[in-house]
Amino acid sequence: HNQDWTEPGGGNGPKTTPEGEPADFDTYFRKKCYPQVKEICTNYGPLNFVWFDTPGRMPKKWVAELVELVRETQPQAMLCSRVGHGMGDYLSQGDMEVPPRNAEGLWETCDTTNDSWSYAWYDQNWKDSKEILHRVVATVGRGGSYLLNVGPDGKGRIPGPAADYLIEAGQWIQKHPRVVYGAGASPWGMAQPWGDVTTSGDKLNIVVFDWPQDRRIHLSGMEADIMSAGLRGDDGELLPLKWTKEGSWTVIEAGSLPAAALAGPATLLELKLKAAPKVDSTPGIHPNIATPLLVEFATATGVTKEEKKWMEKFGEWKHVTQVSEWKDGGTVSWEVDVAKPGAYYLDLRYRGEGRPVWKITTDEGVMLQNQQAASPVYHFYPFGILNFKSAGKH
C-alpha cells in the first residue's frame, strides 16, 4: 500500500504523470491505492484477512483511512501488523523468519515455496515437502501460525516442483492434522536437533525429521510422567514404543521399528502424559545428533548481542542473532544439560576480519583455544573436541 514502482506518486514510483503534471503520494493514494483496496473489500464476498505490506514511511492518516475502510466493509477480517503504525490485529514476523524461541500473542510467519515472493524464472531453490513441513511445525511449535506464499507463472500455473512438494506436505498434514491444527506450542520453547514438538492437551506430538543413527530420541528435562508412547503410522495405527529414564533425560526407543515405519518426510511419535506437559527448558546437549547452541539462548556480557537481517537476493531475507564488538573480558555463556559425558566435536560459526583468538571453557576446567584466520562470511570452523566429564548441567 506504499511501494509502487510504476504509478505516479507511489513509493518508488515516478513523481510526474505521463502528461508531465506533478504527482505526490496523495495522488497515488486517491487514484490507485484506496480504490483498489475498496475493490478487494467489496467485490469478492466475505474475507478472513486483508494482508497489507511495506507501509514504509507512510503517514498514519492514510493508514487510518485504509483500516477504517476494511473495518466498515469487512468487519470480520483481521489485519496483520504490516498495515503500519501499530494498527493491526496480530504480529507478522519478518519475511521467511521462523523465530528461534517461543513467542507470546497472536503472530504469523510468512514464508515462500522457494526464495522469491512472485514468480522468478531463475529461482529453482524449491523447499521440498520435508522442509515445508519442518517450517510449519517449527512455527506452530513456537506458538504461531504459518502463511505460505506461492508464485504462479504468467499463465497462472503453479510451477511443477512446488506443486508436487505442496501436495506431499499436505498429504502428511491430512494424516496427522493434530500436529498443526489447534496445536499448542512446545514446552521446551525451542526446536530440537532431530525436529520439533507441538502439544495437544496432555499429549506431546514429537515430529522427527532427522533420525539419529541409533533411533533413540532424547528429551531433556521432562517433569511429567509418561503413560504411553507410540509411533503414529500413516494408516492411523499406533505402534507402541518403550521409553527409559536416564538422569534428567527421557529416551524413546525406536530401534525395533522397521525402516518402512520411519519413511516419509517426517515421523510422528505420540507421548501421552499423566499431567500437562512441563519441562525444564535448559538447552540439552544430545549424545547422538549434532546440537546447535544459538546465541539467542546465551547470556552475553561485554559484547553487543543483536539481530541481523539482510537480503541475499531481492525478496530473500536472512535472519541471525549474533554477538560482536567484543570488549576485554567479554563472554557469551550457555547453561546446558548434557545427556552423557564424553567427547563432543565443537564447531564455531562466525564471521570477522583479522585473526581473532577464541577461548572456550567449561565449569569442569576444560578449555579449548585456537588462533585462526577470519572469514568475511558466516563460516563453520572445526574448533576441536570438548570433553564433558559428567552428565547434567554445566
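The values are calculated or read from the model by the stated rules, or taken from the named source; none is laboratory data. Here the structure is a predicted model, which is why all the values come from computation and not from measurement. Note that we place each Cβ from the backbone using ideal geometry, even for glycine, and neighbour counts take in every protein chain shown. Ligands, DNA and RNA are excluded from the accessible area calculation, which covers all protein heavy atoms including side chains. Shrake-Rupley method; radii C 1.70, N 1.55, O 1.52, S 1.80 Å.
Summary table below
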quantity: Rounded percent of accessible protein surface that carbon and sulfur make up, the chain, 1.4 Å probe; calculated: 52
quantity: Candidate lysines - alpha carbon under 18 Å from K308, same-chain residues fewer than 8 apart omitted; calculated: K318
quantity: Length-normalised contact order of region 134-205 in % [C-alpha pairs under 8 Å, at least 6 apart]; calculated: 40
quantity: Relative contact order for region 263-394, counting Cα pairs under 8 Å that sit 6 or more residues apart, in percent; calculated: 23
quantity: Debye log10 I(q)/I(0) for region 1-144, one point scatterer per Cα, at q = 0.10 Å⁻¹; calculated: -0.45
quantity: Volume of the Cα convex hull of the chain, divided per residue and given in Å³; calculated: 189
quantity: Per-residue HN-Hα couplings for region 73-84 [Karplus 6.51, -1.76, 1.60; θ = phi - 60°; Hz; x = Gly/Pro]; calculated: 8, 9, x, 8, 7, 9, 10, 7, 4, 6, 5, x
quantity: √(5λ) per eigenvalue of the Cα gyration tensor, region 253-324, largest first, Å; calculated: 34, 21, 13
quantity: q = 0.19, 0.21 Å⁻¹, region 87-173: log10 I(q)/I(0) [Debye, one scatterer per Cα]; calculated: -0.86, -0.99
quantity: Value of D in µm² per second that Stokes-Einstein yields for region 127-279, Kirkwood Rh from Cα pairs, at 20 °C (1.002 mPa s); calculated: 132
quantity: Separation between Cα centres of region 283-298 and region 300-332, rounded to whole Å; calculated: 18
quantity: Tail beyond 18 Å, pair distance distribution of region 148-218 (Cα, percent); calculated: 56
quantity: Given charges at Cβ of Lys, Arg, Asp, Glu: region 301-394 dipole, positive-most of V377, T362, P341; calculated: V377
quantity: All Cα pairs of region 294-394, percent lying beyond 16 Å; calculated: 65
